[in-house]
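Computed from the coordinates by the stated procedures, all read-outs in this text should not be read as laboratory data. Only a predicted model underlies this, so the values are computations on that prediction, with no experimental measurement involved. Virtual Cβ from ideal backbone geometry, glycine too; neighbours counted across all protein chains shown.
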Amino acid sequence: MRGDPKQIEQLVRGNKPAWDRFVTETAAVVYAAVQKRLGPAGRGDEADDVAQEVYLKLCRNDYKLLRRYDPAKAKITTFLTVIATTTAIDALRRGRPTGVHAETIDDVPESRLAVDPVEPVQPIRIPDGLLSERQATVLRLLYNEEKDVAEVAALLGVEAQTVRSMHHKALTKLRQHFAEVDQG
């Protein structure tokens, strides 16, 4: 368990053998830190799930958290122990159903989970000229055609950040317009 920059670089590049070695080498440290917090709270049975969540945190947002590891500041075991401890504390804060009558989602009848679809009474009318043609296209692709940002970017031949920016500007214009309509 080195935690040196070369090893971290292999991990953030998605090197599967390196990742498998890393998990094998660090699992005991992560599990022990999680169990140390969950066990006394009577929730040690959640340790596997919370330990897995630690590794998911390390991978999220293009390995953002793992990229922030600095071997000059701490050993990799210390870094992982801090992350595992905070993840376990977060799990304790979230809580869970307790008691003899606690239900799992599989035990709940589907009719209790069903939500009636809500349709607007009348379609929302966006005044002509309020949005640019590209902003309107972005909204149509994101909401009507349910495409994700990367798909919209590819269709329009622009960067994903450009799509997010156009989306934000369009929503800002719509909020402002409908706030004025509500006040007027």
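Would you kindly state how much longer the chain becomes between Ala41 and Val23 on full extension, computed as 0.36 nm times their sequence separation minus their alpha carbon distance, in nm to one decimal? If you can, show how the numbers build up before the last one.
Numbers: separation 18, 0.36 × 18 = 6.48 nm, distance 2.58 nm.
Here the answer is 3.9 nm.
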Positive-end extreme of charge dipole, the stretch 5-94 - chosen from Val12, Thr87, Gln52 (charges on Cβ): Val12
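Would you please name the trypsin sites (Lys or Arg not before Pro) within the stretch 17-73 that are DSSP coil residues with at most 14 other C-beta atoms within 10 Å of their C-beta?
Numbers: sites: Arg21, Lys36, Arg37, Arg43, Lys57, Arg60, Lys64, Arg67, Arg68, Lys73; in loops: Arg43, Arg68, Lys73.
Answer in residue order: Arg68, Lys73.
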Where Rh is the Kirkwood radius over Cα pairs, Rg/Rh for the stretch 5-94: 0.98
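To the nearest 20 debye, what charge dipole does the stretch 133-183 have about its Cα centre, counting +1 at the Cβ of each Lys and Arg and -1 at the Cβ of each Asp and Glu? Display every interim value, and only then the final one.
Details: 7 positive and 8 negative charges, 32 e Å.
Approximately 160 debye in magnitude.
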Projected label distance in nm at Thr77 and Leu56, using a 7 Å step from Cα toward the beta-carbon: 2.8
Computed lengthening from Leu155 to His168, 0.36 nm per intervening residue step minus Cα-Cα distance: 2.9 nm
Cα→Cβ-extended label distance, 7 Å offset, between Asp48 and Arg125, nm: 5.9
